[in-house]
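The values are calculated or read from the model by the stated rules, or taken from the named source; none is laboratory data. These figures come from a predicted structure and were not determined experimentally. Here the Cβ positions follow ideal geometry from the backbone for every residue, glycine too, while neighbour counts run over all protein chains shown. For the accessible areas, the whole protein counts, side chains as well, though only heavy atoms, and no ligand, DNA or RNA atoms are used. Shrake-Rupley method; radii C 1.70, N 1.55, O 1.52, S 1.80 Å.
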Amino acid sequence: MRTDQNGTARVWVRTTAVGQAEYLNICTFYCIRKDYAVGYRGIYWVEEKPQWMHIGGDTTMHGGNEFNHWMTSAAAYGIWYTAVEFLSKHPEQGKIAVNDMSLPFGGIFDTNKNWQTPHINHRKGKAVDVRGNKRSRAIPDSQQNEFLEICKMKGADEIKSMVEFRGKSNQHIHCRWP
């Protein structure tokens, strides 16, 4: 590595994966550690609200719930407005259960210990899964299409928003914002 006349050296880093924190050690006479993130801009932590509770967590191989509840502002407001409208029509529901938004920097979820792409629509913080099975705070079968339509009215993608895994133990409503 060579420096310019001011003693400045340029370093280029080509990353191979999105959605992770990394570091770079730069050494000449002494070493400097530079931390950086490889990810998508505009993703932030989405806290629990009176309208929802976080579920999931360890299934993503990334630790607890603090690692899979990150979104862009547009998507976070989209699901919030959806939840508010749905719950105003169905106050008996109390809350909805949300899961798998995005990882802190985006990127692919490792759901099956193989780093493949079953959650590819979640990689940029624009999607959320809402529980639709028979467990606590799930949207009942009879109201899932209504919930999905509210998602779409609140700006969710017409094609990439759907009820997934109907009749299975992991049935859920997947809403994705552009």
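Quick rundown of the values:
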quantity	calculated
Length gained when the stretch Val11-Leu24 is fully extended (0.36 nm per residue, less Cα-Cα span)	3.7 nm
Accessible area of region 1-61 divided out per residue, in Å², using a probe of 1.4 angstrom	85
Loop-exposed chymotrypsin sites (Phe, Trp or Tyr not before Pro) per DSSP, neighbour cap 11 Cβ within 10 angstrom, longest uninterrupted part of the chain	31-178
Once exposed loop GluC sites (Glu not before Pro) are cut out (DSSP; at most 16 other Cβ, 10 Å), longest piece of the chain	49-157
Relative contact order (%) - criterion: Cα under 8 Å, at least six apart; region: the chain	18
With Cα atoms, 0 to 90° folded angle of helix 144-153 axis to the chain main axis	60
Å² per residue, accessible surface of region 122-178 at 1.4 Å	51
Whole-percent carbon and sulfur share, accessible surface of region 1-97, 1.4 Å	53
In nm, spacing of pseudo-spin labels at Tyr36 and Glu164 (7 Å Cα→C-beta vector)	3.1
Most fluctuating residue given options Lys124, Lys95, Lys34, as computed from a GNM of the chain linking Cα atoms under 10 Å	Lys34
Calculated from backbone phi, Karplus (6.51, -1.76, 1.60) coupling profile of region 26-35 in Hz, x at Gly/Pro	10, 10, 10, 7, 9, 9, 10, 9, 10, 8
